[in-house]
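The values are calculated or read from the model by the stated rules, or taken from the named source; none is laboratory data. Bear in mind that the values here come from a model prediction, so they are computed numbers and not experimental data. Cβ atoms come from the backbone with ideal geometry, glycine included; neighbour counts cover every protein chain shown. These accessible areas exclude ligands, DNA and RNA; they are computed on the full protein's heavy atoms, side chains included. Shrake-Rupley method; radii C 1.70, N 1.55, O 1.52, S 1.80 Å.
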Amino acid sequence: MSKRVLMLVGEFSEEYEIFVFQQALEAVGHQVDIVCPDTAKGYRLKTSVHDFGMEGVLTYTEHRGHDIAITRSFDAFDAVDTADYDAVYIAGGRGPEYIRTFPRVQEIVREFHQGGKPILSICHGVQVLVAVPEVIEGKRVAGLFTCEPEVALTGGTFVKIGPTDALRDGNLVTAEGWTALAAFIREVLAVLGTEIVHHPVGALTQAAAE
């Protein structure tokens, strides 16, 4: 069954974590709405690309990514109703550090939590979850290493799972960053109840012929 996912982003959210997530979920029939506080549908959001391991740099570096169009308005005149969605996803990058200060963003995450719906977060996205501490209290959580002290303050357990793995604790799915998108999306599809079945080559063509 097709699911509808709400993606929360901000200016300079991580490009890969927006585009790859959106296209992967839409490829298997789900719908993804991309929203950003104080923007209208069609707004061209600026994204960033973070990289690691650059010689002579002790932390990650940041570059400008491609713009992406916001798909649904999110302002005082067009409130986002969480009842319309099956899950919420928070992309990482620079966006989470400021969108988490919006009361409605906090309320949205809280409503998904209270409804027992999947909450999905990658990289810096955990900063939004920290702003709603009951979401991760007592939970095992992954995210970018710089967020570990914040998670500890909320009563969550920060788990260093590595750059290519994802972590699922109940309906909460998290990962360290875009290098884990393959594993992260697999866990997301599982929590959404999406099953992908691989058939032997030619099996579908033969079945159709019969």
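What spacing in nm lies between the two simple spin-label points modelled at Thr146 and Lys160, each 7 Å away from Cα in the Cβ direction?
The modelled label-to-label distance comes out at 1.8 nm.
Before anything else, pin down the relative contact order of the chain: Cα pairs under 8 Å, at least 6 apart, normalised by residue count, whole percent.
Here the relative contact order equals 18 percent.
Starting from the Kirkwood radius over alpha-carbon pairs of the chain, derive D by Stokes-Einstein at 20 °C in a medium of 1.002 mPa s and give it in µm² s⁻¹.
122
How many percent of all Cα-Cα pairs in the stretch 42-104 sit more than 20 Å apart?
When every Cα pair of the stretch 42-104 is considered, 44 percent fall beyond 20 Å.
Please report the spacing between the Cα centers of the stretch 91-106 and the stretch 22-58 in Å, no decimals.
13
With every protein chain left in place, what is the accessible area per residue of the chain in square angstrom, probe 1.4 Å?
Here the per-residue accessible area is 48 Å².
Within the chain, how many lysine pairs that are 8 or more places apart, or on different chains, have C-alpha atoms less than 23 Å apart?
Here the count comes out as 4.
Which percent of the accessible heavy-atom area of the chain goes to carbon and sulfur, probe 1.4 angstrom?
Answer for the chain is 54 percent, counting heavy atoms of protein chains only.
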